[in-house]
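The values are calculated or read from the model by the stated rules, or taken from the named source; none is laboratory data. Only a predicted model underlies this, so the values are computations on that prediction, with no experimental measurement involved. Cβ placement follows ideal geometry from the backbone for every residue including glycine, while neighbour counts extend to all protein chains displayed. Heads up: the accessible areas ignore ligands, DNA and RNA and are worked out on the full protein's heavy atoms, side chains in. Shrake-Rupley method; radii C 1.70, N 1.55, O 1.52, S 1.80 Å.
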Amino acid sequence: MLDILRSLTRTAEEKRQEELNAYLDGELQGRAREQFEARLAVDPALRAELAQLRAVKQGVAQLPRLRAPRNYTLDPAAYGRPAAARGASLYPALRLATVLTAFLLVLAFGLEIVPGTQTAGDTAEQPVALVETATEEVAVEDAAETTLMEAPAAPAPEEAEEPTARTAADEEVAVEGEADMAGEAEITANATLTEETTLMAAPELEMAQEEAAEEESFDATEMPAGEAGAPPAPEATVVAEDAVAVATPPLAPTPTPEPADVATREGVGLEPLRVVQALLGVAFVILLTATLLVRRQRI
Amino acid sequence: MIDEEKLIARAQQGDVSAYNRLVLHYQDIVYNVAYRIMKDPAAADDAAQDAFISAYKAINSFRGGNFKSWLLRIVTNGCYDELRRRKRRPQSSLDEITEEIESPGFLADKDADAPEEVRERVELVDAVQRCLEELPDDQRIAAVLCDVEGREYQEIAEIMSVSIGTVKSRISRARSKLRDCLQGFGELLPVQYRLNT
């Protein structure tokens, strides 16, 4: 790798000098050597340069060989059995693991750039997405409200057509049942009520109907413009308003995402990537440290 | 001729006397390389001793190959470490300074009565030694291993823990600088070494 970089950055003169010295040292082989010798045969300046370098090489080679001033033998009493070389044998594996971890780490960070992967930058866009979602919710709630407001009108004709078929309690249950098609909070309660009503035995049902009738007449007395068939309307409206009220707060001027909602959304794509990046980062630091330590001990 | 492989195997089992036979066989070359790198006999002596101790402690990490190259790598690395330490904490040996002032090696007329040829040779050696000392450490080591010790590029690369390309580059630069330096000595050198002619 470094050789490639070096070959890209060195000048033509440097390349020529290296070739000249390699030839002088007998390190130029095969075709390269033949080509160089062909040039040497026709280039007197090159031959002169080669002669100068040969003189330098011979001059350095004439440096006197020194004798060691003393013996470097070890005292057998002071040195026991040499340690096993476990670290040195670990070095290639450690080096490979470090390189692989570094590659995976780069890959993990690179994933953030890939389109479609949720990242920290994407979270900034979430409020916009929430506004859109909230708008959809508003539309649903509006539709529910509309249905709810129309609900009282529907039972009335039915009631007129079947005056004896349904009691006031039944009507209330029916109206509430329809209204709560949109109000999720009420669904369970109403379903339970309907079930209870349905499962009641005939005598009990009659008793319940009587009680409901009594309650209805009592309510009717309190109503300002008492219309016996109308009571469900205001009550249903209140329920519907409640449902809207529940849905409205998050829609206020600037809808603020619920913390739990954001956490859930981030958790979908961001958190696992962050965890992987952190783990790879820690692993890389540990492996790099171990590799450098083993390398230092290794000879 | 020593049976190197057997001695190494015995040394790996803890046989210090077998290791000592290897030490005696290689101590001159190890000291020479240390001296050329350190440019100081005392520092070279310490470096050679440390290298043999380190080599024994780590001999089980030697997995075959050229034992001499392995030893030279140890002493070269040790010298590098020492040079780096010295650069961080520069210090001058008093003996070295005194010797330099009183009897500069290059100017001393050690062979005044010797024949002309011998005198020229001594002057050449002094000039080469001085020029060699002016080289950067990495280039000097490459030049010494190649031209003094006669090592091949591949072996030098292993000893210095660098690529062959780097070895080529260091040797080439070292020779160019040596050539330029020796040209400065002109008439002091034998005719064949007067490089500007």
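What ranking of A:T289, A:T101 comes out by heavy-atom accessible area, probe 1.4 Å, highest first?
Highest to lowest solvent-accessible surface, that is A:T289, A:T101.
Compute, for A:V285, the solvent-accessible surface of its heavy atoms (probe 1.4 Å) with the complete set of protein chains present, and express it in square angstrom to the nearest 10.
Approximately 90 Å² for this residue.
So how exposed is B:R151, as accessible area in Å² (1.4 Å probe, rounded to 10)?
40 Å²
Given the peptides A:56-63, B:38-45, A:18-25, arrange them by the average over their residues of other C-beta atoms within 10 Å, most packed first.
Per-residue Cβ counts within 10 Å, averaged per peptide and sorted highest first, yield A:18-25, A:56-63, B:38-45.
Rg(Cα) of segment B:1-99 divided by 2.2 N^0.38 Å? Before the final figure, lay out each step's value.
Numbers: Rg = 15.0 Å, N = 99, 2.2 N^0.38 = 12.6 Å.
The value comes to 1.19.
Using only protein heavy atoms and a 1.4 Å probe, how much accessible area in total is buried between B and A, to the nearest 100 Å²?
About 4800 Å² of accessible surface is lost on pairing.
Let's test the formula: R0 of 25 Å, r as the Cβ-Cβ distance of B:A9 and B:K57. What FRET efficiency results, to the nearest 0.05?
Working: r = 17 Å, r/R0 = 0.67.
With R0 = 25 Å, the Cβ-Cβ based efficiency is 0.90.
Average partner chain C-beta neighbours within 10 Å, per residue of B:54-60?
Per residue, the number of nearby Cβ atoms from other chains is 5 on average.
For segment A:22-117, what is the largest minus smallest coordinate of the Cα atoms on each principal axis, given in angstrom and ordered from greatest to least?
Projected onto its principal axes, the Cα set of segment A:22-117 covers 66, 63, 21 Å.
Hey, for a label at B:D137 modelled as a point 7 Å past Cα toward Cβ, could you say which residues of segment B:17-35 have their backbone N under 18 Å away?
Under 18 Å, as judged by backbone N against the label point of B:D137, lie B:31-35 of segment B:17-35.
For A:L107 paired with A:R54, estimate the spin-label separation in nm (one decimal), with each label point 7 Å from Cα along the Cα-to-Cβ line.
Going by the 7 Å Cα→Cβ label model, 5.6 nm.
For segment A:279-295, just list the computed ³J(HN,Hα) in residue order, Karplus coefficients 6.51, -1.76 and 1.60, θ = phi - 60°, integers in Hz, with x standing in for Gly and Pro.
For segment A:279-295, the Karplus-derived couplings read 4, 5, x, 5, 4, 5, 4, 5, 5, 5, 4, 4, 4, 5, 5, 5, 5 Hz, x marking Gly and Pro.
Using a 1.4 Å probe on protein heavy atoms, which residues of segment B:120-151 have at least 30 Å² less accessible area in the complex than alone?
B:R121, B:V125, B:V128, B:D147, B:V148
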